[in-house]
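The values are calculated or read from the model by the stated rules, or taken from the named source; none is laboratory data. Source: prediction; values computed, not measured. Virtual Cβ from ideal backbone geometry, glycine too; neighbours counted across all protein chains shown. Keep in mind that these areas ignore ligands, DNA and RNA; they rest on the heavy atoms of the full protein, side chains included. Shrake-Rupley method; radii C 1.70, N 1.55, O 1.52, S 1.80 Å.
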Amino acid sequence: NIWGVGVVGDMSTIFMVLCMLPFILLFVIGLPRLNPPVWLIMGAGDVPGEVQWGKLISVMTWNLSGFDGAGHVVEEVDNPSKSFPQAVVACLFVVSCTYLLPILVGTSVDQNFSKWTDGYLSTVAGEVGGEWLQLLMTLGGVCSGLGLLLSYLCTSSRAVSSMAAMDIFPGAMGRFLVHLNPRGIPANATVATAVLTGAFAVSLDFSDLVTVSSFFYAARLLLILIALPLNRIRYPTLHRPFQVPLGNWGLVAAVTFPIAFCMANLVACSMLNVRTLLLGPGFAAATLVLAGAYVLCCRPDGFQGKIVSTMALQKAHGFPGHSLHSDVSLTAETDSTRLNYRSTANGHTENGIAACGNGLQQP
């Protein structure tokens, strides 16, 4: 991660191949042993009588989460408006096959479902292909964890650094986290994120990590889904590398079900046990109290950095290529980090404050 997003992408591709290989071999070797009637018979094998809905929903959310994190590195990717949608569609297909096909083989071979807990797929691989495939499946799981850590650390560190650039963190902490190394990488934010991740990893077991991660991911995604149509309505002229091809009301309808699912996930994760209740809603409530006190006492005027019109900033810095007629007036604040702007395009006027950051020179 310190070397840049290009290296992260290359290493992630290598980990993906190493992770996918045992699943492909499991399916190919176990293909002659497929037993479709087992999939259709309710109660086939040793099926637990009670469904743990909270854990089911949290694991499902965790298994299919993280796609939005790609937005954190959008400025470091060539042609994101084309490459991102293609990558998401391809990734969804590969992920779905990776989950579905090995399970079809595994349930055909081993119906002792009460033993299907964390890591049991390696045992099933041993039943299908022998010890060598069991070992390969275990190594694939290790590569999967390393690849996941690598990519999440990359995207999360950019989020932390961007928050620091918006002056959300106090004083010295903000200056430390916003620092970029000579490669333009938020090295300090990367190290800080890695330390916090390690602390949680050694403090909680895997199931609790999944539940807590799903809780906060659902809470974060809930805010993003609510902000998506609101920002479309409030900032219609804002340049977007990729825009959902729906109108305002179509976008509202599209986010309705995901918002409901996120709310259900929050409730389900909170009701698993006392530990997850304290780690999820308890930690969130404590964070809201501390954040509220911090804002009231230290940031009564709000934070620097709001959504700004790309057109206005390009005009301010003398970049050509404006297709809209604009009247942009700009003034610099005395703290040398803010830029007031007023942009009028096609009859729509936007006002706001742009955070200039450490490396951006004001016009």
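The table below gives the values:
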| read-out | value |
| --- | --- |
| Meets criteria (farther than 27 Å from C154 by Cβ, over 19 Å from the mean Cα position of the chain (by Cα) and open to solvent by 40 Å² or more (accessible area, probe 1.4 Å)) for S108 | no |
| Matching residues, region 197-255, being under 24 Å from Q86 (Cα atoms) and among the β-branched types (V, I, T) | I224, V244, V252, V255 |
| Residue under evaluation F261, criteria (1) surrounded by 15 or more Cβ atoms within 10 Å (Cβ to Cβ); (2) farther than 30 Å from S83 by Cα; (3) not small (G, A, S), criterion not met | (2) |
| Any chance S114 is open to solvent by 40 Å² or more (accessible area, probe 1.4 Å), touching an Asp or Glu at 6+ places or on another chain (Cβ under 8 Å) and part of a helix (DSSP H, G or I) | yes |
| Test result for V59, open to solvent by less than 70 Å² (accessible area, probe 1.4 Å), in contact (Cβ under 8 Å) with a residue 24 or more places away in the chain and farther than 30 Å from I259 by Cα | no |
| S162 more than 20 Å from L64 (Cβ to Cβ), in contact (Cβ under 8 Å) with a residue 12 or more places away in the chain and small (G, A, S) | yes |
| Criterion violated by C269 - all others in (1) more than 29 Å from T211 (Cα to Cα); (2) surrounded by 14 or more Cβ atoms within 10 Å (Cβ to Cβ); (3) not hydroxyl-bearing (S, T, Y) satisfied | (1) |
| Candidate set: region 284-305, residues that are in contact (Cβ under 8 Å) with a residue 60 or more places away in the chain and in a helix (DSSP H, G or I); chosen: the one nearest to W62 (Cα to Cα) | A284 |
| Meets criteria (open to solvent by 40 Å² or more (accessible area, probe 1.4 Å), modelled with pLDDT of 90 or more, in a helix (DSSP H, G or I) and under 26 Å from V74 (Cα atoms)) for A227 | no |
| Any hit, region 20-38, residues being surrounded by 15 or more Cβ atoms within 10 Å (Cβ to Cβ) and small (G, A, S) | yes |
| Count of region 171-190 residues which are part of a loop (DSSP other than H, G, I, E, B) and either modelled with pLDDT of 85 or more or surrounded by 13 or more Cβ atoms within 10 Å (Cβ to Cβ) (or both) | 5 |
| Those residues of region 124-147 which are surrounded by 18 or more Cβ atoms within 10 Å (Cβ to Cβ) and over 15 Å from N63 (Cβ atoms), in sequence order | V124, A125, V128, G129, L133, Q134, L136, M137, G140, C143 |
| Complete set of residues in region 167-187 that are within 23 Å of G66 (Cβ to Cβ) and in contact (Cβ under 8 Å) with a residue 24 or more places away in the chain | I168, I185, P186, A187 |
| Residue check for V5: surrounded by 13 or more Cβ atoms within 10 Å (Cβ to Cβ) and not assigned by the TED database to the domain that holds S213 | yes |
| Complete set of residues in region 148-158 that are in contact with a helix residue (DSSP H, G or I) (Cβ under 6 Å, 6 or more places away or on another chain) and either of a type in the set (K, R) or surrounded by fewer than 16 Cβ atoms within 10 Å (Cβ to Cβ) (or both) | R158 |
| Answer from V142, V73, V89, V94 - the residue that is in a helix (DSSP H, G or I), closer than 30 Å to T190 by Cα and at pLDDT below 85 | V73 |
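Every residue, every condition in (1) touching a helix residue (DSSP H, G or I) at 6+ places or on another chain (Cβ under 9 Å); (2) open to solvent by less than 30 Å² (accessible area, probe 1.4 Å); (3) in a helix (DSSP H, G or I); (4) within 19 Å of G71 (Cα to Cα), yes or no:
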position: T193; (1), (2), (3), (4): yes, yes, yes, yes
position: F215; (1), (2), (3), (4): yes, yes, yes, no
position: I233; (1), (2), (3), (4): yes, no, yes, no
position: H239; (1), (2), (3), (4): yes, no, no, yes
position: W249; (1), (2), (3), (4): yes, no, yes, no
